[in-house]
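The values are calculated or read from the model by the stated rules, or taken from the named source; none is laboratory data. Bear in mind the structure is a predicted one, so any value in this text is a computation, not a measurement. Using ideal geometry, Cβ is built from the backbone for each residue, glycine included, and neighbour counts are taken over all protein chains shown. The area values use the complete protein model at the heavy-atom level, side chains included, leaving out ligands, DNA and RNA. Shrake-Rupley method; radii C 1.70, N 1.55, O 1.52, S 1.80 Å.
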Amino acid sequence: MTWTGAFGRACRVLLYAIVRGLALTRISPNVLTFLGLVINTIAAILFGYANTSNYGRLFPYAGLVIIGAGIFDMVDGRVARATGQVTTFGAFFDSVIDRYSDVALFFGLLVYYARGNHFFYLVLVAFVMVSSVMVSYTRARAESLIGSCKVGFMERPERVVLVIIGALFAHWGAMAPVLWVLAVLSTITIIHRIAYTYQQTRILDAQAAEAAAQQQATAASKTDGKPQPAKGKGPQQIPSFN
């Protein structure tokens, strides 16, 4: 077994141990999901309080806090399955809280760049924030129409990992290139999902049109098979004697 395989196995063992421990407490998975938001908000506050003199210290702290929040993101669904608390609302709640967590982190970066008078990166973070929401929205909206839209690379786990990398290595200027990567790949993912949804809806529209044409043809054939009333013979007129 390679060292990477051993590391992965050790991580899985630790994760399963955490899940088993939380399952024994019978804690609600929705509570775990909300705790993840609270911890991400702490990371956002660390971003916002940072400045040019202490960002090399506060950004890595924020990165470590985001890693802690990621543990709750990983275990809430597993705890729900382990305790038989899987619900439709739970999936909805998890998705909504994930969007708030994303926005909170980028909002903290917005505050940091605003306090430092870095207008360009302020605009860039705002663009990344909108793009991260749109990546999720395009998938949710597409799947309400075509069933599945899992195309594209920049999903939430990839975004979180990149933000963690940017935070941990902020002292070496890693956050700026991370923001560029997020902006470009999120935009590509959005365009990919729009194009994919366009292709799939064209197929669905063509199938619907074909089914409608077949229905009309079937209805017309049934009408042609019925006897038609004789022309020129209307109902007999009865004289009135009033």
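The residue that is nearest to residue 194 (Cα to Cα), counting only those in segment 88-147 that are basic (Lys, Arg), under 16 Å from the mean Cα position of the chain (by Cα) and surrounded by fewer than 18 Cβ atoms within 10 Å (Cβ to Cβ), is 141.
Among the residues of segment 32-59, those identified as within 13 Å of residue 109 (Cα to Cα) and not β-branched (Val, Ile, Thr) are 40, 43, 44, 46, 47, 48, 49, 50, 51, 55, 58, 59. Just give me the residues in segment 168-187 being over 15 Å from the mean Cα position of the chain (by Cα) and of a type in the set (Val, Ile, Thr), in sequence order. Result: 178, 181, 184. Each residue in segment 75-87 was checked for being over 30 Å from residue 178 (Cα atoms), open to solvent by less than 20 Å² (accessible area, probe 1.4 Å) and of a type in the set (A, V, I, L, M, F, W, C), and 2 pass. Do we have residue 32 as crowded, with 20+ Cβ neighbours inside 10 Å and modelled with pLDDT under 95 here? Criteria met by residue 32.
Candidates 167, 183: the one that is open to solvent by less than 10 Å² (accessible area, probe 1.4 Å), at pLDDT 95 or above and within 16 Å of residue 43 (Cβ to Cβ) is 167.
Among the residues of segment 37-57, the ones that are within 19 Å of residue 173 (Cβ to Cβ) and open to solvent by 20 Å² or more (accessible area, probe 1.4 Å) come to 8 in all.
To keep it simple, each residue is scored yes or no on (1) assigned to a helix (DSSP H, G or I); (2) closer than 30 Å to residue 113 by Cβ; (3) in contact with a Phe, Trp or Tyr (Cβ under 7 Å, 6 or more places away or on another chain); (4) in contact (Cβ under 8 Å) with a residue 12 or more places away in the chain.
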site	(1), (2), (3), (4)
130	yes, yes, no, no
182	yes, yes, no, yes
202	yes, no, no, no
205	yes, no, no, no
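Selection of segment 111-128 for residues being assigned to a helix (DSSP H, G or I) and without any contact (Cβ under 8 Å) to a residue 40 or more places away in the chain yields 113, 114, 119, 120, 122, 123, 126.
If you scan segment 152-164, which residues turn out to be of a type outside the set (Phe, Trp, Tyr) and either loosely packed, with under 15 Cβ neighbours inside 10 Å or in a helix (DSSP H, G or I) (or both)? Before the answer, list the steps.
Our first condition is that a residue be of a type outside the set (Phe, Trp, Tyr); within segment 152-164, this holds for 152, 154-164.
The answer is 155, 156, 157, 158, 159, 160, 161, 162, 163, 164.
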